[in-house]
Structures are given as structure tokens and as C-alpha cells.
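Accompanying notes for the structure given below.
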Amino acid sequence: MAIYCINTQMQNPCQFNNCNYYNNYSSTPCYTICQLPQGNRNYTIFDRNKVDRFVSQQEAALPYLADILIHSNNEAQITETLYIIDRMAEKGVKGINKMYPVLSRFNNTTSPNIQTFLAGIYRKTQIPDAFGPLVKMLIQNSLRPQNSNFDPNEEIGGAILSYISDRFRTKSQT
């Protein structure tokens with residue numbers, strides 16, 4: 001498996017051979033590129049060191065991750081970045097809800113990989129503006145199913161149910 005070091009904008013990974021965690025030329029960490037589902041494998045493989053490193057930086061990493069999402073058109077890179085943000089949301093990192101304008105760029109995607117992680121982020125952050133796009137994704141996928149080895153509608157439907165159940169829970173307490 002090739003090892004890559006990420007440049008400052010993380011747009012063009014540069015390959016290094018015989019690279020451990022840090023390359024021989026600088027203190028830039030080296031990571032493997034995420035591997036999207038393929039064949040019989042219905043899950044994505046991420047570099048745990050990279051993910052943990054970003055998650056540990058908490059709010060300080062959000063501008064960098066936002067920059068990636070603004071500029072990247074690479075599905076694997078977008079999926080990986082959304083996974084990192086999803087993990088941050090699980091850890092309770094503040095400020096993710098303010099990233100909605102950046103995340104909303106992907107509301108119309110047909111990529112099952114991107115849809116799955118985007119729905120997970122929306123479920124955890126409960127951004128009110130994201131409910132409509134989640135419903136649209138579910139309808140879009142019903143009308144034009146994507147060929148995939150997993151069903152993104154499970155996560156999308158779960159996010160929608162989370163929004164609805166949280167609304168009913170709030171109303172019943174008042």
C-alpha cells in the first residue's frame with residue numbers, strides 16, 4: 001500500500017516510499033489514502049492515525065477541514081473528511097453546526113459514501129436546515145437508486161427519524 005504525505009491544502013497528496021509516521025524530510029505526518037468500498041467490501045478503510053490526529057485537535061482543525069470540503073472534488077477525500085467531522089461530532093466538538101454552509105455543498109450528491117457520512121453528521125448535530133435535504137436525499141435515492149454495495153438510505157432514514165423523534169420528545173416535555 002502506498003503511503004502519502006499531505007500538503008498544506010491537502011488537495012494533492014504526494015507519495016513517499018519507505019515512509020513511517022513522519023517522512024525523512026520534514027515533520028509532516030504521512031498517511032494512507034482512504035479506500036472506498038469496492039467488490040465484496042461494503043465499508044471504507046481510513047487511516048486511524050490521521051483520523052485520531054484531526055479529532056484530537058478539536059475546533060482548531062475545523063477551518064482546515066472546511067477548506068478541504070470547499071475545494072475538493074475527490075470523492076475519497078471528501079468521504080474521509082466527512083468521517084473525521086462525524087467522529088468529531090461523536091466526541092462533542094463544538095462548532096460543527098456552524099459548518100453547515102460548507103457541508104450543504106454536498107446536499108445534492110448522488111454518492112452513497114458522501115450521503116452516508118453527511119447524514120451521520122446531520123443526525124448528530126441536528127442542524128434544522130439539514131432536515132429538508134435529508135428528506136430530498138431519501139426521495140432521490142428511492143426514485144433513482146444508486147448502484148452500491150451498501151444502502152445509504154439506512155443512515156439517511158435514521159437521521160430523519162432522529163430529527164422527528166427529538167422534535168416529539170421536546171414537545172411532549174412542554
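The values are calculated or read from the model by the stated rules, or taken from the named source; none is laboratory data. Because the structure is a prediction, the values reported are computed rather than measured. When we count neighbours, we look across all protein chains shown, and the Cβ atoms used for this are built from the backbone with ideal geometry, even at glycine.
From the list ASN113, ASN74, ASN97, ASN108, pick out the single residue that is surrounded by fewer than 20 Cβ atoms within 10 Å (Cβ to Cβ) and under 16 Å from ASN153 (Cα atoms). Exactly one of ASN113, ASN74, ASN97, ASN108 is surrounded by fewer than 20 Cβ atoms within 10 Å (Cβ to Cβ) and under 16 Å from ASN153 (Cα atoms), namely ASN108. Reported count of residues in the range 48-73, each being part of a helix (DSSP H, G or I), small (Gly, Ala, Ser) and under 15 Å from the mean Cα position of the chain (by Cα), is 2. Name the residue that is modelled with the lowest pLDDT, counting only residues in the range 23-47 that are surrounded by 11 or more Cβ atoms within 10 Å (Cβ to Cβ) and outside any loop (DSSP other than H, G, I, E, B). So, considering only residues that are surrounded by 11 or more Cβ atoms within 10 Å (Cβ to Cβ) and outside any loop (DSSP other than H, G, I, E, B), the one modelled with the lowest pLDDT is PRO29. Output the residue which, of all residues in the range 87-106 that are in contact (Cβ under 8 Å) with a residue 24 or more places away in the chain and not in a helix (DSSP H, G or I), is farthest from LEU62 (Cα to Cα). Within the range 87-106, the match that is farthest from LEU62 (Cα to Cα) is LYS91. Just one of the listed residues (THR81, THR109) is within 26 Å of ARG144 (Cβ to Cβ), free of Cβ contacts under 8 Å to residues at least 40 places away in the same chain and assigned to a loop (DSSP other than H, G, I, E, B), namely THR109. Within the option set PHE131, PHE117, being of a type outside the set (Asp, Glu), in a helix (DSSP H, G or I) and touching an Asp or Glu at 6+ places or on another chain (Cβ under 7 Å) holds for one residue only, PHE117. Step by step: first the residues of the range 118-137, then only those that are touching a Pro at 6+ places or on another chain (Cβ under 9 Å) and under 11 Å from ILE160 (Cα atoms), then the one that is surrounded by the most Cβ atoms within 10 Å (Cβ to Cβ). Which residue is that? My answer is TYR122. Restricting attention to the range 144-174 and to residues that are among the hydrophobic types (A, V, I, L, M, F, W, C) and at pLDDT 80 or above, the residue that is surrounded by the most Cβ atoms within 10 Å (Cβ to Cβ) turns out to be ILE156. The single residue among GLY92, GLY157, GLY132 that is under 25 Å from ARG41 (Cα atoms) and of a type in the set (Gly, Ala, Ser) turns out to be GLY157. Among the residues making up the range 89-132, a single one is touching a Lys or Arg at 6+ places or on another chain (Cβ under 9 Å) and closer than 20 Å to GLN35 by Cα: THR110.
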